[in-house]
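Visitor: This structure is in structure tokens; I'll ask about it shortly.
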Amino acid sequence: MVQGIALTGMASGIDTDEITEQLIQIERSSIRRLELQKENAQNEKKVWQSINQVMNEFDNSISSLRRTTTFTSRTARSNDENIITATASRNATRGSYRVEVDQLAQSHRVAGENLHELNLDIELDEGEELNIHTELGLEGTFELNDMEFTVEENMSLDDIRTLINAESEEADIEAEIMNETLILNHAEMGAENEISFTDTDNILQDLGVMEENNGELDFQQELRQSQDSIFFVDGLRVEKSINEGIEDVIENVTLNLQEVSEESVTITVENDSERTLDAVRSFVESYNELIDNLREEMGEGDMLQGDTTIRRLNSGIRRMLTNTVFLDSEEYDFRNLADIGIEIDADGLASGFTGEMRLDEDVLTDAIDTDPEGVQALFTAREDDEGVQGVAERVSDSIQSYIQYGGILDSRERSLESRVNRLDRRIDSEERRVERREGQIRSNFGRMEVALNQMQAQRSWLSGQIQQLNSIRNYRD
């Protein structure tokens, strides 16, 4: 609005502000039309962005169906996972194995004597109590697993634990304190991994870890002996130094022993049908979400009603999904998606729009179990290898022209963005024109009021002059 001094009807008695506002509203009608065009363009852009998003999500669901691992993965299932679990790689052979766990591998674990029972000459201040932070007065060296450790006179039991653990990775030894007693653990399991020692200055003996027995040093308290795991696979005895990650017994299968078993446990290696099912479920859900989105935007009175781009997209996808893949193949049992339990409802087809996709999981599971290679080929067949394109391959290829950078959907969004920018510039230009026009109108009304005021002043002067003349005439008479 133009700001300044306004002579609103001072001379004319007319509400020029009201008249000005009405005239400006008429002038602004062009701006309102442009703003409506801008709003429509912005809304249409949002619709295309939404379609682009669900199209990309649909393409992502197709991507997993183009990977061979989706169909060739194996799973290993144990009928008692408290005893043993297993995983299988894609190259594992399908079959069942009977496993009995006789013994678990364990690491060597030894302990010293309680701090209060050690025969050490420790001087305590009055009121001081012996604890793991008390200086022990020991000095010298010892070795554990060929790693040398040096103890200084001012070290406590806690300091000795810290000393050992500082080299735990290299020495394969771990120290802890329990009930004021030093405990040593070998970091590796297995019968061959016993804790070795050299007690040059009797440090380990002073800590109660070692004792002399028949002229030889030995561990005073052996809490746990080192041992291998022992188990049987289909009657074959196997010994390992580990319990988990056992990869070299059943080819391409990893075993993890949990507990000793009283009876055999069955490990079954089979196709990972659940992985394939998950991928197909995601594909079906993404497809239905896409079709719902397209149908919603193309309804009667909706923004994209009758849009030829959407109709071509819809019909193209439907054709790629429903066309037969293998017209005549002796190698595979399945010719199209309907053969593996995936169908598109006829509802909606009469109106030219694709119906909802439905999945019969029982049919698909049976297909995966009986002919996993055939299910895979139905989705992943390539022109170079099979002479035809599988469903996932051809659908993905058909929608790339829509979703790729610079593709149909991206071009629509860019075109609408350019239109919004052009409309913004036109709106700005119209705003400036209306502002100038308002200034002109107010200026014209202002000049009119000034002119009328001057005329009224002149009329008052003339009236005054006439009255004076009349007065003089009356006086003479």
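The values are calculated or read from the model by the stated rules, or taken from the named source; none is laboratory data. The structure displayed is predicted, hence computed values, not measured ones. Neighbour counts are summed over all protein chains in view; Cβ atoms, including those assigned to glycine, are modelled from backbone coordinates with ideal geometry.
Visitor: Just a yes or no: is a residue in region 457-477 out of contact with any Ser or Thr (no Cβ under 6 Å at 6 or more places or on another chain) and either touching a residue at least 24 places away in the same chain (Cβ under 8 Å) or under 30 Å from M55 (Cα atoms) (or both)? Break it down stepwise before answering.
Guide: Taking region 457-477 first, the residues out of contact with any Ser or Thr (no Cβ under 6 Å at 6 or more places or on another chain) are 457-477.
From what's left, either touching a residue at least 24 places away in the same chain (Cβ under 8 Å) or under 30 Å from M55 (Cα atoms) (or both): none.
For region 457-477, residues out of contact with any Ser or Thr (no Cβ under 6 Å at 6 or more places or on another chain) and either touching a residue at least 24 places away in the same chain (Cβ under 8 Å) or under 30 Å from M55 (Cα atoms) (or both): absent.
Visitor: Follow-up question, since we're still on this one. Tell me, which residue of region 271-287 that is in contact with an Asp or Glu (Cβ under 8 Å, 6 or more places away or on another chain) and modelled with pLDDT under 90 is nearest to D362 (Cα to Cα)?
Guide: Only one residue tops the list, namely S273.
Visitor: Kindly indicate the residue of region 1-30 that is modelled with pLDDT under 85 and β-branched (V, I, T) and also farthest from E417 (Cα to Cα) among those meeting that condition.
Guide: I14
Visitor: Can you list residue pairs whose Cβ atoms sit under 7 Å apart, with the first residue in region 52-74 being at positive phi and the second being surrounded by 16 or more Cβ atoms within 10 Å (Cβ to Cβ) and among the hydroxyl-bearing types (S, T, Y)? Count only pairs 6 or more apart in sequence or on different chains.
Guide: Within 7 Å, no pair qualifies.
Visitor: Can we say D59 is assigned to a loop (DSSP other than H, G, I, E, B), out of contact with any Gly (no Cβ under 9 Å at 6 or more places or on another chain) and surrounded by 14 or more Cβ atoms within 10 Å (Cβ to Cβ)? Give the derivation first.
Guide: Working: assigned to a loop (DSSP other than H, G, I, E, B): no; out of contact with any Gly (no Cβ under 9 Å at 6 or more places or on another chain): yes; surrounded by 14 or more Cβ atoms within 10 Å (Cβ to Cβ): yes.
Here the answer is no, as D59 does not meet what is asked.
Visitor: With respect to N119, determine if the residue is exposed (fewer than 15 other Cβ atoms within 10 Å of the Cβ) and either of a type in the set (G, A, S) or closer than 20 Å to D218 by Cβ (or both).
Guide: Working: exposed (fewer than 15 other Cβ atoms within 10 Å of the Cβ): yes; either of a type in the set (G, A, S) or closer than 20 Å to D218 by Cβ (or both): yes.
Yes: the conditions hold for N119.
Visitor: Tell me, which helices (runs of 4 or more DSSP H) lie completely within region 115-224 with 3 or more residues that are assigned by TED's automatic domain parsing to the domain that holds V238?
Guide: Numbers: elements: 157-165, 168-171, 203-206.
The helices (runs of 4 or more DSSP H) meeting that bar number zero.
Visitor: Answer yes or no as to whether L136 is at pLDDT below 95, buried (at least 17 other Cβ atoms within 10 Å of the Cβ) and not basic (K, R). Quick ask: steps written out before the conclusion?
Guide: Working: at pLDDT below 95: yes; buried (at least 17 other Cβ atoms within 10 Å of the Cβ): yes; not basic (K, R): yes.
In short, yes.
Visitor: So, of the residues in region 333-354 that are modelled with pLDDT of 75 or more and in a loop (DSSP other than H, G, I, E, B), which turns out to be surrounded by the fewest Cβ atoms within 10 Å (Cβ to Cβ)? Don't jump to the end; show me each part of the working.
Guide: Our first condition is that a residue be modelled with pLDDT of 75 or more; within region 333-354, this holds for 333-345.
Right, trim to in a loop (DSSP other than H, G, I, E, B) and you get 333-336, 341, 345.
Details: D333: 16, F334: 20, R335: 16, N336: 17, G341: 17, D345: 11.
Once the filter is applied, the top-ranked residue is D345.
Visitor: For region 79-117, how many residues are of a type outside the set (S, T, N, Q) and more than 30 Å from P372 (Cα to Cα)? Spell out the reasoning first.
Guide: Keep residues of region 79-117 that are of a type outside the set (S, T, N, Q), which gives 80-81, 83-84, 86, 88, 90, 92, 94-95, 97-102, 104-105, 108-113, 115-117.
From what is left, the residues that are more than 30 Å from P372 (Cα to Cα) are 83, 100-102, 104-105, 108-113, 115-117.
Matching residues across region 79-117 total 15.
Visitor: To continue, here is another question. Let me spell it out: the conditions are (1) over 30 Å from E176 (Cβ atoms); (2) buried (at least 21 other Cβ atoms within 10 Å of the Cβ); (3) touching a strand residue (DSSP E or B) at 6+ places or on another chain (Cβ under 6 Å), and T70 meets all of them except one. Which number is the exception?
Guide: Failing condition for T70: (3).
Visitor: Restricted to region 445-477, and to residues that are among the polar types (S, T, N, Q) and surrounded by 12 or more Cβ atoms within 10 Å (Cβ to Cβ), which residue is farthest from R28 (Cα to Cα)? Break it down into steps so the answer makes sense when it comes.
Guide: If we filter region 445-477 for residues that are among the polar types (S, T, N, Q), which is where we start, we get 453-454, 456, 458, 460, 463, 465, 467-468, 470-471, 474.
Keeping just the survivors that are surrounded by 12 or more Cβ atoms within 10 Å (Cβ to Cβ) gives 453, 456.
Details: N453: 31, Q456: 35 Å.
So, considering only residues that are among the polar types (S, T, N, Q) and surrounded by 12 or more Cβ atoms within 10 Å (Cβ to Cβ), the one farthest from R28 (Cα to Cα) is Q456.
Visitor: Going by the structure shown, is N293 surrounded by 14 or more Cβ atoms within 10 Å (Cβ to Cβ), outside the structural domain of E81 (by TED's automatic domain parsing) and within 30 Å of the chain's Cα centre (by Cα)? Let's see the steps before the verdict.
Guide: Details: surrounded by 14 or more Cβ atoms within 10 Å (Cβ to Cβ): yes; outside the structural domain of E81 (by TED's automatic domain parsing): yes; within 30 Å of the chain's Cα centre (by Cα): yes.
Yes; evaluated as a whole, the condition is true for this residue.
Visitor: Separate question: Could you look through region 68-90, keep only residues that are assigned to a loop (DSSP other than H, G, I, E, B) and at pLDDT 90 or above, and pick out the one that is nearest to V249 (Cα to Cα)?
Guide: S89
Visitor: Select, from N154, N185, N202, the only residue that is in contact with an Asp or Glu (Cβ under 7 Å, 6 or more places away or on another chain) and at pLDDT below 95.
Guide: On the way: N185 fails: at pLDDT below 95; N202 fails: in contact with an Asp or Glu (Cβ under 7 Å, 6 or more places away or on another chain).
Being in contact with an Asp or Glu (Cβ under 7 Å, 6 or more places away or on another chain) and at pLDDT below 95 holds for just one of N154, N185, N202, which is N154.
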